[in-house]
Amino acid sequence: MNYKDKTPEIRERLLEAAGEVFAERGFREATVREICRRAKANGAAINYHFGQKEELYKAVFEYARGFAPRFSQSALSAGSAEQSLRAIVHTLLVRFYDEGRPAWLSKLIAREMTDPTNMFEVLVQHQLRPNFERLKAIVTELIGKQLDEETLRLCVFSIAGQWLYYFHCGHAIKRLSPEQRFGPAEIQRLADHITKFSVTALKGWQS
């Protein structure tokens, strides 16, 4: 392995290539050979920078986390529960469609959700569970009273199901609604719609 294969530039190229391959093939079917070929790196470069394939997979998620927009704490804490819900919905939609991030990131997360590996527990602890708890608190505040745990859980999943449809069913949306776009303005309108739709539905539990 020559000096160039030890540089930070090669490390980043390996992460980008690995993200693409893991997203396309899944962790189990992805090969180190294919990743190195796409990164134009020596076969020993992965071992030098990451060790085993499992460590490379973890590093890809850490690398991707740096591109993910964060929830605005001011948006979540200041204002109404409806504004907090809208902040969460908008942030998650931006994560799905932000063109400034690696194109493979959303696909990689979707694959991990449907075909989990050891990284799934990390995804649950760092992303899914915190979002779930935030939404439970927001739903409770919007309704204005305590719900039984099952009803509360179902309300949260019903809200989440709206943005997850856009996340997992992109091909169906393109077929059913070819004019649908997901630029910044469209994402703003979609976040407004999901928020309004959810808040209106939750009013049914207020009485």
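The values are calculated or read from the model by the stated rules, or taken from the named source; none is laboratory data. Keep in mind that this is a model prediction, so the values were computed, not measured. Note: ideal-geometry Cβ built from the backbone for every residue, glycine included; neighbour counts use all protein chains shown. For the accessible areas, the whole protein counts, side chains as well, though only heavy atoms, and no ligand, DNA or RNA atoms are used. Shrake-Rupley method; radii C 1.70, N 1.55, O 1.52, S 1.80 Å.
Quick look at the values:
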{"read-out": "Test for Phe197: is it assigned to a loop (DSSP other than H, G, I, E, B) and either closer than 25 Å to Ser106 by Cβ or in contact with a helix residue (DSSP H, G or I) (Cβ under 8 Å, 6 or more places away or on another chain) (or both)", "value": "no"}
{"read-out": "Residue in the range 165-186 that is free of Cβ contacts under 8 Å to residues at least 24 places away in the same chain, under 20 Å from Ala81 (Cα atoms), assigned to a loop (DSSP other than H, G, I, E, B) and open to solvent by less than 90 Å² (accessible area, probe 1.4 Å) present", "value": "no"}
{"read-out": "Test: Phe67 is open to solvent by less than 60 Å² (accessible area, probe 1.4 Å), under 27 Å from Ile173 (Cβ atoms) and either modelled with pLDDT under 95 or among the basic types (Lys, Arg) (or both)", "value": "no"}
{"read-out": "Top-ranked residue in the range 108-124 [being part of a helix (DSSP H, G or I) and β-branched (Val, Ile, Thr); ranked as surrounded by the fewest Cβ atoms within 10 Å (Cβ to Cβ)]", "value": "Thr114"}
{"read-out": "Tabulated pairs, the range 10-34, first at positive phi, second in a helix (DSSP H, G or I) and open to solvent by 60 Å² or more (accessible area, probe 1.4 Å), C-beta under 6 angstrom, 6+ apart or interchain", "value": "Gly26/Arg111"}
{"read-out": "Options Gly43, Gly100, Gly144, Gly51; residue that is more than 25 Å from Gly170 (Cβ to Cβ), modelled with pLDDT under 85 and small (Gly, Ala, Ser)", "value": "Gly43"}
{"read-out": "Residues satisfying the stated conditions in the range 125-163, i.e. surrounded by 15 or more Cβ atoms within 10 Å (Cβ to Cβ) and among the β-branched types (Val, Ile, Thr)", "value": "Ile138, Val139, Thr140, Ile143, Val156, Ile159"}
{"read-out": "Total residues in the range 188-207, condition free of Cβ contacts under 8 Å to residues at least 40 places away in the same chain and of a type in the set (Ser, Thr, Tyr)", "value": "2"}
{"read-out": "Flag if Val139 is β-branched (Val, Ile, Thr) and either in contact with a Lys or Arg (Cβ under 7 Å, 6 or more places away or on another chain) or touching a residue at least 60 places away in the same chain (Cβ under 8 Å) (or both)", "value": "yes"}
{"read-out": "Selected residue [open to solvent by 50 Å² or more (accessible area, probe 1.4 Å), at pLDDT below 90 and assigned to a helix (DSSP H, G or I)] from Lys58, Lys4", "value": "Lys4"}
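Conditions (1) within 28 Å of Phe157 (Cβ to Cβ); (2) outside any helix (DSSP H, G or I); (3) at pLDDT 90 or above, marked per residue:
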site: Leu14; (1), (2), (3): no, no, yes
site: Ala18; (1), (2), (3): no, no, yes
site: Arg38; (1), (2), (3): no, no, yes
site: Leu85; (1), (2), (3): yes, no, yes
site: Leu92; (1), (2), (3): yes, no, no
site: Phe96; (1), (2), (3): yes, no, no
